[in-house]
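*Asks:* Below you'll find the structure I mean.
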Amino acid sequence: MTAVGSVLPGTLQVWSDVACPWAALAVVRLRAARERLGLELDVRVDHRAFPLELANGRPVPPLADEAVEVLAREPAFGTRPWSGEHGDWPGSFLDALAAVQAAKEERAGGLPASEALDWALRRALFAQSRPIGTPGEVLAVAREVPELDVDALEGQLDAGRDAVRRDWELTGELRIEGSPHVRLSDGSAVFNPGIGDDGSDDPGVWDELLRRALAPEG
């Protein structure tokens, strides 16, 4: 797995929870900007865990309605209201976060597989109403990700859970403000990129962040 706290050149480190609508918006825009700039092979995304249930000291409340509102800014993502057809909204996403970390192991697929799984889990939650709160459902989603070796992933879930705990313990030292928070190898960091406290919204910030990740200042 990626060394704790470090950010390699050519990498955007994204700290978030898969259940966070604002993080989903950030990831949608990051991926779109990277594709538009032709940087898919040049800038990697290292997803790190900011578990909301540990931050808030309680289970994650249903955020599907908020997700519909937030992700309406990017309708191509296909967000829809929680249908309930597959079950209730999960109260915990620690297993989903653990799987994203576990996927970084080379046997499971490495960083590209981790990013692909993170994307698949966000889509499963907000676009497909799948309750990704259990290892079984997380692995069901993982089986739909071609980049992953699911057998290897399953064997690394305990290590992934340890990684989530380590990430959470590191958030104070690294001054991670919440979900999403982006860090770059030049030492800079941005909380909820493009979204201002005054309600402003600037998706173009992702172009700048990707270029800085590709060629850090200094």
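*Asks:* Determine the order of 115, 105, 66 by accessible area, beginning with the largest, at a probe radius of 1.4 Å.
*Replies:* Numbers: 115 25, 105 45, 66 70 Å².
Order by accessible area, largest first: 66, 105, 115.
*Asks:* Long-range amide H contacts for residue 46: which residues qualify at under 5 Å (H placed 1.01 Å from N, peptide plane, sequence gap of 5 or more or a different chain)?
*Replies:* 12, 13, 14
*Asks:* Return the carbon/sulfur percentage of the accessible area of region 1-141, one whole number, probe 1.4 Å, all protein chains in place. Working shown, then result.
*Replies:* Numbers: 2840 of 5390 Å².
With neighbouring chains kept in place, the figure for region 1-141 is 53 percent.
*Asks:* Please calculate how many Å² of accessible area the chain carries per residue, with a 1.4 Å probe and no DNA, RNA or ligand atoms counted.
*Replies:* Numbers: 9730 Å² over 218 residues.
Heavy-atom accessible area per residue stands at 45 Å².
*Asks:* Report, in whole Å, the centroid distance computed from the Cα atoms of region 75-124 and region 128-187.
*Replies:* 8 Å
*Asks:* Go ahead and estimate [θ] at 222 nm for the chain from helices alone: -39,500 (n - 2.57) per DSSP H run with n ≥ 4, summed, over the residue count, rounded to 500.
*Replies:* Working: 9 runs with 92 residues, N = 218.
Calculated from helices alone, the mean residue ellipticity at 222 nm is -12500 deg cm²/dmol.
*Asks:* Let's test this: bin the Cα-Cα distances of region 11-91 at 5 Å from zero up to the farthest pair and state each bin's percent.
*Replies:* Final binned percentages: 3, 13, 21, 20, 20, 13, 7, 3, 0.
The values are calculated or read from the model by the stated rules, or taken from the named source; none is laboratory data. This one's a predicted model, so the numbers in the text were calculated from it and none came from an experiment. Please note that ligands, DNA and RNA were not included when accessible areas were found on the heavy atoms of the full protein model with its side chains. Shrake-Rupley method; radii C 1.70, N 1.55, O 1.52, S 1.80 Å.
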